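Chemist: One structure is given below, represented as structure tokens, and several questions about it will come after.
The values are calculated or read from the model by the stated rules, or taken from the named source; none is laboratory data. Quantities reported herein were computed from a predicted structural model and do not represent experimental measurements. Don't worry about glycine lacking a Cβ; one is built from the backbone with ideal geometry, like all the others, and counts go over all protein chains shown. Remember, those area values only see protein heavy atoms, side chains included, never the ligands or the DNA or RNA. Shrake-Rupley method; radii C 1.70, N 1.55, O 1.52, S 1.80 Å.
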Amino acid sequence: MVTGALASLENGAPQVPKHVAIIMDGNGRWATRNGVSRSKGHRKGAEAVREAIEGAINCGVSYLTLYAFSSENWNRPPDEVKDLMGLLHMYLKKEVRTLSKEGVRLQVIGRRDALGRDIRSLIEKAEKDTRQNSRLNLVIALSYGAREEILFACRKIAKEVADGSLSPADIDEHTISKALYTQEIPDPDLIIRTSGEQRLSNFLLWQAAYAELSFLPALWPDFTRQMFADTVLEFQSRDRRYGARP
Ligand code: IPE
Ligand code: IPE
Ligand code: MG
């Protein structure tokens, strides 16, 4: 049971973040520390996803984005990439029914054409089967890179300019936001990264303009719903100024 942070959230404390995004980092170090294979570390990491989902639901968060595999992670050794894709495949196959029962809507952002056909069709099915759900929007960033996302948005917009349907003078921030994978998703209020690393690693660069950042020392497989609630509670004490004077 989650204590402390959740109790005060239930009492109607202000500013529950609408969108929390997590960089799930540290599976490899967890494996080394526990004397097991990296593959086992990733399996434990996949189990910790449940903690994040429960944490988000308990806290009343509407959007939870999980960074599962970056564009750059394709550069890892082929065996590790295969392991990670196998886990994703299993997750999509096994968890979607549970998620759907819980009222979770699943969406995937990232470069789909880089993924295998079987994973792509599981994603399409999961998105279709959970489309009506609204308790929590779970967004999985898969084969995702923010620079690539911005690059594709630029191409899309350039095409509209070239075919005459858009004038350069009419391009504004909204045009760009709507051309990103996250077109229907609000910007993250809070980005959490586990494992002690303090960087974004090409995650939501455009959308993170005014996100609050929280770096946790825990390795991802050790992440708990209590950590989620504690981080949300700490977020609530922050003063978000957006460049204006308080
Ligand atoms: C996060 O754990 C999982 C992915 C990036 C896919 P890592 O595999 O990056 O673990 P560390 O950073 O090596 O500990
Ligand atoms: C970021 O972690 C990507 C994911 C968590 C999916 P990495 O482990 O790939 O990031 P770097 O290499 O430490 O920056
Ligand atoms: Mg890492």
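Chemist: Looking at (1) farther than 16 Å from ALA21 by Cβ; (2) in a helix (DSSP H, G or I); (3) more than 16 Å from ligand 2 (Cβ to nearest atom); (4) not basic (Lys, Arg), which is the only condition VAL232 fails?
Modeler: Condition not satisfied by VAL232: (1).
Chemist: Given GLY55, GLY28, which one is open to solvent by less than 40 Å² (accessible area, probe 1.4 Å), in a helix (DSSP H, G or I) and more than 8 Å from ligand 1 (Cβ to nearest atom)? So that I can check it myself, show each step before the final result.
Modeler: Working: GLY28 fails: more than 8 Å from ligand 1 (Cβ to nearest atom).
Just a single option satisfies the conditions, and that option is GLY55.
Chemist: Report yes if ARG199 is within 30 Å of LYS156 (Cα to Cα), within 16 Å of ligand 3 (Cβ to nearest atom) and of a type in the set (D, E, K, R), otherwise no. Let's see the steps before the verdict.
Modeler: Numbers: within 30 Å of LYS156 (Cα to Cα): yes; within 16 Å of ligand 3 (Cβ to nearest atom): yes; of a type in the set (D, E, K, R): yes.
Considered against the rule, which asks whether it is within 30 Å of LYS156 (Cα to Cα), within 16 Å of ligand 3 (Cβ to nearest atom) and of a type in the set (D, E, K, R), ARG199 comes out as yes.
Chemist: Give me the pairs: first residue in the range 112-135 and within 14 Å of TYR91 (Cα to Cα), second residue modelled with pLDDT of 95 or more and among the polar types (S, T, N, Q), beta-carbon distance under 7 Å, and six or more apart or on different chains, which are they?
Modeler: Pairs that qualify, where the first residue is within 14 Å of TYR91 (Cα to Cα) and the partner is modelled with pLDDT of 95 or more and among the polar types (S, T, N, Q), are GLU127/GLN107.
Chemist: Step by step: first the residues of the range 58-70, then only those that are more than 10 Å from ligand 1 (Cβ to nearest atom) and within 14 Å of the chain's Cα centre (by Cα), then the one that is surrounded by the fewest Cβ atoms within 10 Å (Cβ to Cβ). Which residue is that?
Modeler: Kept after step one, since they are more than 10 Å from ligand 1 (Cβ to nearest atom), are these residues of the range 58-70: 58-66.
Applying the additional criterion that residues be within 14 Å of the chain's Cα centre (by Cα) yields 61-66.
Working: VAL61: 23, SER62: 16, TYR63: 22, LEU64: 25, THR65: 25, LEU66: 18.
My answer is SER62.
Chemist: Quick check on GLN226: is it surrounded by fewer than 19 Cβ atoms within 10 Å (Cβ to Cβ), at pLDDT 95 or above and not in a loop (DSSP other than H, G, I, E, B)? Let's see the steps before the verdict.
Modeler: Details: surrounded by fewer than 19 Cβ atoms within 10 Å (Cβ to Cβ): yes; at pLDDT 95 or above: yes; not in a loop (DSSP other than H, G, I, E, B): yes.
When the stated conditions are applied, GLN226 passes them.
Chemist: Moving on to the next point. Of all residues in the range 229-246, count the ones that are closer than 25 Å to GLY28 by Cα and open to solvent by 30 Å² or more (accessible area, probe 1.4 Å).
Modeler: Residues that pass the stated criteria total 1.
Chemist: From the list GLN198, GLN132, which residue is over 17 Å from ALA52 (Cα atoms), in contact with a strand residue (DSSP E or B) (Cβ under 7 Å, 6 or more places away or on another chain) and open to solvent by 70 Å² or more (accessible area, probe 1.4 Å)?
Modeler: Working: GLN132 fails: in contact with a strand residue (DSSP E or B) (Cβ under 7 Å, 6 or more places away or on another chain).
Just a single option satisfies the conditions, and that option is GLN198.
Chemist: Right, next: Identify the single condition in (1) within 17 Å of the chain's Cα centre (by Cα); (2) touching a residue at least 40 places away in the same chain (Cβ under 8 Å) that VAL108 does not satisfy, given that it satisfies every other one.
Modeler: Of (1) within 17 Å of the chain's Cα centre (by Cα); (2) touching a residue at least 40 places away in the same chain (Cβ under 8 Å), only one is false for VAL108: (2).
Chemist: If you take the residues in the range 32-43 that are in a helix (DSSP H, G or I) and more than 13 Å from ligand 2 (Cβ to nearest atom), which one is surrounded by the most Cβ atoms within 10 Å (Cβ to Cβ)?
Modeler: ARG43
Chemist: Of the residues SER165, SER143, which is more than 13 Å from ligand 2 (Cβ to nearest atom), out of contact with any Cys (no Cβ under 8 Å at 6 or more places or on another chain) and not β-branched (Val, Ile, Thr)?
Modeler: Values: SER143 fails: more than 13 Å from ligand 2 (Cβ to nearest atom).
Sole residue among the options that is more than 13 Å from ligand 2 (Cβ to nearest atom), out of contact with any Cys (no Cβ under 8 Å at 6 or more places or on another chain) and not β-branched (Val, Ile, Thr): SER165.
The rows are residues; the columns are (1) in contact with a helix residue (DSSP H, G or I) (Cβ under 9 Å, 6 or more places away or on another chain); (2) within 21 Å of PHE203 (Cβ to Cβ).
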| site | (1), (2) |
| --- | --- |
| PRO77 | no, no |
| LEU88 | yes, yes |
| SER100 | yes, no |
| LEU106 | yes, yes |
| ILE109 | yes, yes |
| ARG112 | yes, yes |
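Let's see how each residue does on (1) within 16 Å of ligand 3 (Cβ to nearest atom); (2) surrounded by 19 or more Cβ atoms within 10 Å (Cβ to Cβ); (3) over 23 Å from ARG199 (Cα atoms); (4) among the polar types (S, T, N, Q):
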| position | (1), (2), (3), (4) |
| --- | --- |
| VAL81 | yes, no, no, no |
| LEU92 | no, yes, yes, no |
| VAL96 | no, yes, yes, no |
| ARG147 | no, no, no, no |
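Chemist: Pairs under 7 Å by beta carbon, first residue among the basic types (Lys, Arg) and away from ligand 1 (no atom under 13 Å from the Cβ) in the range 191-219, partner open to solvent by 50 Å² or more (accessible area, probe 1.4 Å) and at pLDDT 95 or above, six or more apart or different chains?
Modeler: none
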